[in-house]
Amino acid sequence: MSYDEILLCIFGLFLVSYIPRVLPFALLGNRQLPRFFHLWLQYVPTAVFGALIFTSIFGSGAEGFRFSWENKELVASIVVLPVAAATKSLPYSIITGLVTYWAAQQVL
């Protein structure tokens with residue numbers, strides 16, 4: 001692969017990842033969104049986060065789901081859930097999860 005092809009590939013990847021991020025702001029930046037759409041968008045970060053951590057906690061369908069007390073990620077998530085619900089604080093939730101995961105590694 002030549003230097004020009006590598007630069008072309010990098011530029012193409014830049015465009016493919018940059019345009020979808022900027023285009024909504026460019027098109028909708030000066031418009032007022034409908035209320036239902038604004039309310040719906042509030043749930044997107046939570047849904048994406050849940051999708052990202054699901055396989056880390058429970059395993060994947062191909063490997064088999066891990067529902068046992070030996071699953072350190074599951075134990076940490078069970079402890080973090082009430083802390084996050086009570087405090088609504090990301091730092092407290094992260095610290096609780098890290099400490100619980102560390103303790104689970106030491107015990108399990």
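The values are calculated or read from the model by the stated rules, or taken from the named source; none is laboratory data. Since we're looking at a predicted model, the values are computed, not measured. Glycine gets a Cβ as well: all are built from the backbone with ideal geometry, and neighbour counts include every protein chain shown. Surface accessibility is based on the protein's heavy atoms, side chains included, excluding ligands, DNA and RNA. Shrake-Rupley method; radii C 1.70, N 1.55, O 1.52, S 1.80 Å.
As a test of the formula, what do you get for the chain when each DSSP H run with n ≥ 4 contributes -39,500 (n - 2.57) and the sum is divided by the residue count, at 222 nm and rounded to the nearest 500 deg cm²/dmol? Before the final figure, lay out each step's value.
Working: 5 runs with 82 residues, N = 108.
That comes out to -25500 deg cm²/dmol.
Please identify, among Phe14, Phe49, Phe36, the residue showing maximal mean-square fluctuation in a Gaussian network model of the chain using a 10 angstrom Cα cutoff.
Phe14
Which whole-number percent is the relative contact order of the chain (Cα, under 8 Å, 6+ apart)?
Values: 43 pairs, mean separation 17.6, N = 108.
Answer for the chain is 16 percent.
Please give the per residue accessible area of segment 69-108, computed with a probe of 1.4 Å over protein heavy atoms only, in Å².
Numbers: 2890 Å² over 40 residues.
Using a 1.4 Å probe on heavy atoms only, each residue of segment 69-108 averages 72 Å².
Along its principal axes, what span do the Cα atoms of the chain show, with the longest given first and each in whole Å?
So the extents along the principal axes, rounded to whole Å, are 53, 48, 27.
Can you pull the percent of the chain's accessible area that's carbon plus sulfur, 1.4 Å probe, other chains left in place? Intermediate results must be reported in sequence, preceding the final value.
Details: 6570 of 9150 Å².
The computed percentage sits at 72.
Ordered by residue, what ³J(HN,Hα) values in Hz, to whole numbers, does segment 25-39 give under the Karplus form 6.51 cos²θ - 1.76 cosθ + 1.60, where θ = phi - 60° and Gly and Pro are x?
Each residue of segment 25-39 in turn: 5, 5, 7, 10, x, 9, 9, 8, 6, x, 4, 4, 5, 5, 5 Hz.
Under a crude label model (7 Å from the Cα following the beta-carbon direction), how far is Ser17 from Arg66 in nanometres?
According to this spin-label approximation, the distance is 2.9 nm.
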